[in-house]
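For reference, the structure is listed below as structure tokens.
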Amino acid sequence: MAEVINMPRLSDTMEEGVVAKWLKKVGDKIEEGDILAEIETDKATMEFESFYSGTLLHIGIEEGDGAPVDSLLAIVGEEGEDISSLIDGGSSSEAKSEAKEDKETKEEASSEKEAEAGDEAPEETSGEIPEGVEVVAMPRLSDTMEEGTVASWLKKVGDKVEEGDILAEIETDKATMEFESFYSGTLLHIGIQEGESAPVDAVLAVIGPDGTDVDAVLAAVSGGGAKKGKAAKKESEDKASGKEETKDDSGEKSQSTSDGGRIFASPLAKKMAEDKGIDLSKVKGSGENGRIVKKDIEGYKEEAAPAAPAASESKGQAAAPAAKAMPFVPAGEESVEEVKNSQMRKTIAKRLAESKFTAPHYYLTIEVDMDNAMASRGQINALPDTKVSFNDMVVKACAMALKKHPQVNTSWKGDTTVYNHHVHVGVAVAVEEGLVVPVVRFTDQMTLSQIGAQVKELAGKARNKKLTPQEMEGSTFTVSNLGMFGIQEFTSIINQPNSAILSVGSIVQKPVVKNGQIVVGNTMKVTLACDHRTVDGATGAQFLQTLQHYLENPVTMLA
């Protein structure tokens with residue numbers, strides 16, 4: 001029996017997912033535990049396993065497309081099995097029949113109302129769309145789309161249009177998609193110009209025979225008395241929604257030409273080129289009439305490597321004439337680029353904005369003498385198979401200080417404050433698309449070497465996008481360290497529901513006063529950001545005093 005696989009909720013904050021890559025294709029045999037696809041969540045790109053064995057019968061979300069949690073992702077079953085009812089949402093033929101009858105009843109009622117209205121206002125309903133003329137409305141290309149923007153027109157007024165030709169590229173709230181014509185004829189009118197936006201169902205274009213009075217057609221549509229025009233628009237929507245599911249596949253096969261410098265490529269090829277930083281103008285398309293498709297982008301990577309020496313040689317030749325002194329003349333072209341935000345980046349923005357604008361932040365900074373810490377670290381790392389970083393020492397010191405100051409190890413819940421009796425320290429890790437915070441659990445019970453090994457493993461997973469949601473949840477305190485970048489002091493935004501976050505700067509060698517004498521010392525600044533709803537200033541200061549004591553006397557952390 002066929003099994004429906006829905007878009008999984010791979011993190012606690014995930015509302016929708018994007019299929020980054022399918023590792024199986026329709027018709028492939030699948031065993032339980034096989035990796036079906038890589039899915040981009042709001043936090044990371046994760047591998048998604050199949051919980052069933054059988055044949056992959058249907059793919060509901062193509063590569064690069066996003067969909068809400070619980071949307072139809074795939075269907076696995078026996079080869080040749082009828083899955084039409086599952087794709088349609090599991091409705092029975094009886095239910096479809098009832099729906100059809102209900103629809104006919106509504107249409108009859110609507111017809112009667114229109115007829116009655118026609119008797120009362122004959123002038124308004126007298127306009128009728130001529131035979132063979134079709135009004136194309138702005139389609140609803142995604143389930144959440146409310147308006148669309150015409151990114152570019154591929155046809156102009158007066159052009160002959162065949163059914164299946166690409167009329168325009170339309171930008172929705174999720175992606176830029178190619179919109180096909182479902183009619184043949186001449187493009188008589190363009191209702192929405194390039195770069196303009198309009199709500200769903202607005203007049204996008206008019207297609208029909210040459211010589212048609214377009215003004216009369218538009219007047220009939222705006223007058224609301226053209227039943228035929230409404231039916232045509234509805235048919236356009238039905239066809240658009242019916243073809244949306246297979247648009248990515250058909251996009252790679254559809255016709256493409258290069259006219260006036262315009263480059264045509266499938267939506268998937270565009271996304272892959274954007275992700276890899278490939279200039280589409282340099283890619284030779286292998287699709288119909290030179291259209292750039294997925295395999296062209298994949299193959300271009302191999303061709304780009306040998307081209308590098310040629311490029312450097314060209315640079316060398318170009319450098320020779322530049323040796324002559326030439327007066328500088330300001331010239332150039334202003335340009336900007338808009339890059340679509342990933343799910344991770346949008347979620348980071350949302351969560352940090354919520355934290356900054358809801359939690360009253362305040363900041364406390366101290367300077368720590370790191371001479372003893374440096375000496376202790378040298379002795380520890382001299383042991384066989386042992387490697388401890390300064391960050392590991394900071395994480396350990398924070399965990400022990402949290403046990404002495406439980407008020408800092410809390411979460412604000414409105415009517416209550418949650419006191420965490422366990423210590424789970426989150427360690428901020430920078431990745432290509434933003435920031436993730438893997439969690440070291442029961443940190444206070446771990447040794448320095450155990451913390452070091454755990455942080456190294458989690459950071460590696462984060463950079464390879466292999467972290468699981470469980471490894472990023474449940475922190476009670478967070479440490480963010482930018483010391484390795486030479487940053488001496490900074491402030492962080494609290495990682496809610498934590499009550500505090502520690503910002504760690506670099507170790508700086510400078511003159512310090514010890515026992516009344518100026519000597520060379522090594523110091524490090526740390527800044528504690530606190531949520532004033534749960535942590536008062538005195539409590540935060542006492543926490544930093546304890547933290548400073550542990551870092552300046554590392555042997556006390558081993559007791």
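Structural remarks
- When nucleic acids and ligands are ignored and a 1.4 Å probe is applied, E146 ends up with an accessible area of around 150 Å².
- Maximal additional length on extending the T417-L23 stretch stands at 137.3 nm, based on 0.36 nm per residue less the C-alpha distance.
- Dipole magnitude (debye, nearest 20) for region 334-477, charges at Cβ of Lys, Arg, Asp, Glu: 420 debye
- Accessible area, probe 1.4 Å, largest first, for residues I129, I87: I87, I129
- Within region 348-390: backbone nitrogen closer than 13 Å to the F490 label point (7 Å, Cα to C-beta): none
- Here's the picture: charge each Lys and Arg Cβ at +1 and each Asp and Glu Cβ at -1 in region 463-559, and of Q545, N464, T523 the one pushed furthest to the positive end of that dipole is N464.
- Extending 7 Å from the Cα toward the beta-carbon at both T358 and N515 defines two label points whose distance is 5.3 nm.
- Cut-off under 5 Å, modelled amide H: who pairs with F477 long-range: H424, G426
- Loop trypsin sites (Lys or Arg not before Pro), region 1-60, which have at most 16 other Cβ atoms in a 10 Å radius of their Cβ (DSSP): R9, K25
- Extension gain (nm, one decimal) between E367 and E81, 0.36 nm per residue minus Cα-Cα: 96.0 nm
- Of the residues M145, M46, the one with the largest accessible area comes first in the ranking M46, M145, computed with a 1.4 Å probe on protein heavy atoms.
- Taking all protein chains as shown and a probe of 1.4 angstrom, W153 keeps an accessible surface of around 20 Å².
- Heavy atoms of D159: accessible area, 1.4 Å probe, square angstrom to 10: 40 Å²
- Taking amide H as placed 1.01 Å from N in the peptide plane, the amide H of V368 sits under 5 Å from that of M524, K525, V526, each at least 5 places away or on another chain.
- Summing charges over all other residues whose Cβ lies under 12 Å from the Cβ of L23, with Lys and Arg as +1 and Asp and Glu as -1, gives -3.
- Across region 476-492, computed HN-Hα scalar couplings (Karplus, 6.51 cos²θ - 1.76 cosθ + 1.60, θ = phi - 60°) run 10, 7, 10, 10, 10, 10, 10, x, 5, 9, x, 6, 8, 7, 7, 10, 10 Hz from first to last residue, x flagging Gly and Pro.
- At full extension, E147 and Q379 could sit 77.1 nm farther apart than now, given 0.36 nm per residue minus the alpha carbon distance.
- For S53, the residues whose modelled amide H falls within less than 5 Å of its own, excluding neighbours fewer than 5 places apart on the same chain, are E32.
- Set K356/K413; K21/K461; K346/K387 screened for pairs whose C-alpha atoms are more than 28 Å apart: K346/K387
- Taking a Cβ cut-off of under 13 Å around A401, the surrounding Lys, Arg, Asp and Glu residues balance to a net charge of +1, with basic ones at +1 and acidic ones at -1.
- HN-Hα J in Hz across region 541-548 - Karplus 6.51, -1.76, 1.60, θ = phi - 60°, x for Gly and Pro: 5, 5, 4, 5, 4, 5, 4, 4
- 3J(HN,Hα) from dihedral phi, region 356-363, Karplus parametrisation 6.51/-1.76/1.60, rounded to Hz, x for glycine, proline: 5, 9, 10, 9, x, 7, 9, 10
The values are calculated or read from the model by the stated rules, or taken from the named source; none is laboratory data. Treat the numbers as computed from the prediction; the structure is a model and nothing was measured. Reconstructed Cβ throughout: ideal geometry from the backbone, glycine too, with neighbour counts over all protein chains shown. Areas reflect the complete protein model, heavy atoms only, side chains present, ligands, DNA and RNA absent. Shrake-Rupley method; radii C 1.70, N 1.55, O 1.52, S 1.80 Å.
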